[in-house]
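What follows is calculated from the coordinates using simple rules that are stated; it is not laboratory data. These figures come from a predicted structure and were not determined experimentally. Neighbour counts are summed over all protein chains in view; Cβ atoms, including those assigned to glycine, are modelled from backbone coordinates with ideal geometry.
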Amino acid sequence: MSHALAALVMALMLGLQPVTTDLYLPALPLLSRELAAPMSAAQLTMSLVLLAFGFGQLLMGPLSDRFGRRPVLLGGLALHTLASTGAALSTTIGMLIAFRALQGVGLAASVVCARAMVRDLYEPHEGAHVMAWALSGLGVIALLSPILGGALTGWLGWRAPLAAVAMIGGLSAMVVAWRVPETVLRRDPRALSPGPLARTSLAVLRHPGFRAWASLVSATYGGLFLLLAGSSFVYIGVLGLSPWGYGLAMASASLSYLLGTFHCRRLLARRGLTGAVRQGALFTLAGGLGMAALGLAGRNEMAGVLVAHWLYSFGHGIHQPCGQAGAVGAFPQSAGVASALAGFLLALAAFGAGLWLGVALDGTLRPLGLGLGFWAIVTATIAWTLVQRHGERFAPRTA
């Protein structure tokens with residue numbers, strides 16, 4: 001594939017994640033009321049997507065190394081589309097949670113295969129540039145998703161955004177079937193064998209470069225997930241926005257993320273992978289600590305909350321392209337496994353953040369502020385220590 005086509009396909013596959021999570025965010029308070037579900041149960045519709053997404057990657061990664069990216073990708077998209085349809089038709093919160101978990105498994109195939117395909121086609125530094133372009137496309141999708149979700153929720157109710165997710169998943173499957181070739185040159189017949197799989201996984205986990213980049217991606221996404229899962233209750237419940245207004249607020253944060261990916265490409269050219277995230281951590285820390293300060297002071301100021309949200313999102317737009325390319329950079333022959341393990345760690349961090357948030361939400365800005373401040377400190381610490389020491393280690397150490 002050409003660089004442009006590869007970036008477009010990666011954007012579509014990776015963009016299915018914000019479609020699955022962001023598009024229905026404006027509907028969370030409404031579905032909670034209509035299904036008579038507490039906030040903690042509504043949060044599970046977000047958290048379990050991420051948990052299933054994490055465990056699903058542990059399966060989809062080896063499957064894609066064994067059978068190729070294309071069949072796994074098509075199968076995952078089919079599952080995602082069917083599960084999204086079931087979610088839109090759910091009549092109880094339990095049904096909705098179950099179908100959302102299945103969505104997460106299908107989503108795992110899309111994201112794992114996209115990240116692994118970047119490593120199939122490019123070396124780490126070139127892959128980071130392509131990933132930055134792809135994540136710029138993801139940023140556009142993330143920008144439009146809450147706007148569309150807010151409009152659909154306001155016009156047609158909470159089921160409409162979930163139906164839209166099903167339609168987008170189906171269209172994505174059609175695009176893959178039509179335009180995406182197989183990118184694995186040599187399938188690994190031992191990829192699913194317990195012994196080789198365990199040895200490969202252990203080699204990936206023991207690699208210092210992988211640990212540095214996977215930790216960075218997990219930490220920055222932990223904070224982002226708090227913003228995704230908790231912001232509707234803050235912007236709508238505390239600050240008084242309508243679902244439509246909330247969609248616009250989230251879209252503005254997605255625009256900031258998009259600008260972060262643009263800035264990332266410039267930083268990569270001048271400072272490389274490690275230098276880019278070193279600067280990105282400044283934005284992350286400013287946003288996280290700013291939100292924490294507002295929460296601790298009890299200042300429910302729309303402008304302050306938005307600026308903190310924008311700063312954190314901008315930093316996230318720098319960390320994600322570098323981290324996703326760096327995590328698989330040392331494993332050209334087992335990119336699926338490396339991608340799966342990185343994604344699993346990311347999902348585990350997000351699930352833990354979501355569980356904490358479901359308990360901590362109290363109708364104020366304070367829980368969101370403190371949580372975002374925590375993840376910002378963790379992200380910046382990793383960016384300034386582990387990544388600087390080990391981020392350029394791309395020598396394979398697989399068995």
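Things to note:
- Per residue Cα convex hull volume in Å³ - calculated over the range 285-364: 93
- Estimated dipole of the chain in Debye, rounded to 20 [Cβ of Lys and Arg +1, of Asp and Glu -1, Cα centre]: 860
- Net lengthening on full extension, LEU156/ASP362 (0.36 nm per residue, minus Cα-Cα): 71.3 nm
- From the alpha carbon centroid of the range 275-315 to that of the range 112-182 is 26 Å.
- Rough spin-label spacing in nm, given labels placed 7 Å along Cα→Cβ, for ALA293 and ARG206: 4.6
- Lys/Arg +1, Asp/Glu -1 at C-beta; the chain dipole; positive extreme among ALA214, PHE331, GLY240: PHE331
- Here the range 161-213 yields Rg over Rh of 1.20, to two decimals, using C-alpha coordinates and the Kirkwood radius.
- Axis angle, to the nearest 10 degrees, between helix 194-206 and the longest C-alpha principal axis of the chain: 70 degrees.
- In loop segments of the range 136-218 as defined by DSSP, the trypsin sites (Lys or Arg not before Pro) with at most 16 further C-beta atoms inside 10 Å of their C-beta are ARG186, ARG187, ARG190.
- Label selected from [x] 25.7; [y] 27.0; [z] 20.4, the criterion being Kirkwood radius over Cα pairs in Å as computed here: [z]
- Contact order relative to length of the range 41-150, as percent, for alpha carbon pairs under 8 angstrom and 6 or more apart: 33
- Computed from Cα positions, the angle between helix 3-22 and the longest principal axis of the chain comes to roughly 40 degrees.
- Angle between the chain longest axis and helix 366-384 axis [Cα atoms, degrees, rounded to 10]: 20
- The residues SER193, SER201, when put in order of fewest to most other Cβ atoms within 10 Å, stand as SER193, SER201.
- Taking only Cα atoms of the range 20-129, radius of gyration then Dmax in Å: 15.9, 51
- Considering only Cα atoms, the convex hull volume of the range 259-399 works out to 107 Å³ per residue.
- For the range 230-341, pairs of C-alpha atoms spaced more than 24 angstrom apart make up 38 percent of the total.
- Cβ-based exposure ranking for SER172, SER242, in which fewest neighbours within 10 Å come first: SER242, SER172
- Residues SER32, SER110, SER2, arranged from fewest to most other Cβ atoms within 10 angstrom of their Cβ, appear as SER2, SER32, SER110.
- Helix-only [θ]222 nm of the chain, DSSP H runs n ≥ 4, -39500 (n - 2.57) each, per residue, nearest 500: -29000 deg cm²/dmol
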